[in-house]
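Only one structure is covered here, and it is reproduced in the block below.
The values are calculated or read from the model by the stated rules, or taken from the named source; none is laboratory data. Note that the structure is predicted; figures quoted are calculated from it, not measured. For neighbour counting, all protein chains shown are included, and Cβ atoms are generated from backbone atoms with ideal geometry for every residue, glycine included. Please note that ligands, DNA and RNA were not included when accessible areas were found on the heavy atoms of the full protein model with its side chains. Shrake-Rupley method; radii C 1.70, N 1.55, O 1.52, S 1.80 Å.
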Amino acid sequence: VPYTRYDSMDAKLGGSAVIATSPNFKQRNIATQASEQSYVRLPSNGAYAEWTMKTPGAGVTMRFTMPDSGSKGLKGSVDVYVNGSKFKTIDLTSYYMWQYFSYGNPSDTNNGGAALFAFDEVHFKLDASLKKGDKIRIQSSGAKNLEYGVDFLEIEQIPGEIRQPANSLNVVDYGATPN
């Protein structure tokens, strides 16, 4: 695979962050749905998980969880720090993650069934590639007073721009913005 996974169990925790686990795979325990049946809970402002890089890369995938409203999802955010400096705020939503299963039928509305699909992923690019030994931190911003959770980060190198092939059309010439 072109990325390196940094699991929640490998993170240094701070603030009020704790590891949530599900050693007996109980369906209603969110950690059951996490890789290795564990994730980092970020219950309040300032709670964080921090990883030390073993490989370089500027592309980040973060698998996360957050509460749901039971129908339209909730919006929130976490902050990303690189080597102690705030890089950016990552907007999150629970809209695409939660489904509720009652009698085997999935629903986006909490109908008293089992809450499943509690995790989603968000992707972002760092301005500069992380190097071996650098630290990346995911920290609760306290946004909306929600509890956030991080299952893992995946860090990968981002290849350079692909040159336009001969005899092809460029969508920029038709109004697309290259971002």
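Working carefully through the options 67, 106, find the one that is outside any strand (DSSP E or B) and out of contact with any Gly (no Cβ under 6 Å at 6 or more places or on another chain).
Details: 106 fails: outside any strand (DSSP E or B).
From the options 67, 106, the qualifying one is 67.
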The condition from (1) at pLDDT 95 or above; (2) surrounded by 15 or more Cβ atoms within 10 Å (Cβ to Cβ); (3) in contact with a Phe, Trp or Tyr (Cβ under 6 Å, 6 or more places away or on another chain) that residue 14 misses is numbered (2)
Pairs returned, first residue in the stretch 143-160 that is more than 22 Å from residue 38 (Cβ to Cβ), second residue that is crowded, with 17+ Cβ neighbours inside 10 Å, beta-carbon separation under 6 angstrom, 6 or more apart or interchain, are 143/76; 143/77; 144/76; 156/57; 156/59; 157/57; 158/59
The residue that is nearest to the chain's Cα centre (by Cα), considering only those in the stretch 110-155 that are loosely packed, with under 14 Cβ neighbours inside 10 Å, more than 17 Å from residue 61 (Cα to Cα) and not charged (D, E, K, R), is 145
Looking across the stretch 74-103 at residues that are assigned to a loop (DSSP other than H, G, I, E, B) and modelled with pLDDT under 95, the single one that is surrounded by the most Cβ atoms within 10 Å (Cβ to Cβ) is 98
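Which of the residues belonging to the stretch 132-144 are at pLDDT 95 or above and either closer than 12 Å to residue 66 by Cα or touching a Ser or Thr at 6+ places or on another chain (Cβ under 9 Å) (or both)? Break it down stepwise before answering.
Step one: of the stretch 132-144, the residues at pLDDT 95 or above are 132-140.
Answer for the stretch 132-144, where residues must be at pLDDT 95 or above and either closer than 12 Å to residue 66 by Cα or touching a Ser or Thr at 6+ places or on another chain (Cβ under 9 Å) (or both): 132, 133, 134, 135, 136, 140.
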Within the stretch 156-179, residues being of a type in the set (Asp, Glu) and open to solvent by less than 90 Å² (accessible area, probe 1.4 Å) number 1
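Could you tell me which residue of the stretch 21-50 is farthest from the chain's Cα centre (by Cα), considering only residues that are free of Cβ contacts under 8 Å to residues at least 12 places away in the same chain and within 18 Å of residue 97 (Cβ to Cβ)? Write out each step before concluding.
Filtering the stretch 21-50 down to residues free of Cβ contacts under 8 Å to residues at least 12 places away in the same chain leaves 24, 26, 29, 31-32.
Keeping just the survivors that are within 18 Å of residue 97 (Cβ to Cβ) gives 29, 31-32.
Details: 29: 19, 31: 15, 32: 17 Å.
Residue satisfying both the conditions and the ranking: 29.
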Counting only residues that are touching a Ser or Thr at 6+ places or on another chain (Cβ under 8 Å) and assigned to a strand (DSSP E or B), the stretch 6-44 contains a total of 9
query = Do we have any residue at all in the stretch 79-87 that's under 23 Å from residue 25 (Cβ atoms) and aromatic (Phe, Trp, Tyr)?
reply = no
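Quick check on the stretch 35-53. Is at least one of its residues open to solvent by 60 Å² or more (accessible area, probe 1.4 Å) and over 25 Å from residue 113 (Cα atoms)?
Going residue by residue through the stretch 35-53, those that are open to solvent by 60 Å² or more (accessible area, probe 1.4 Å) are 36, 41, 45, 52.
If we keep only those that are over 25 Å from residue 113 (Cα atoms) too, we end up with 45, 52.
So far as the stretch 35-53 goes, yes, one or more of its residues are open to solvent by 60 Å² or more (accessible area, probe 1.4 Å) and over 25 Å from residue 113 (Cα atoms).
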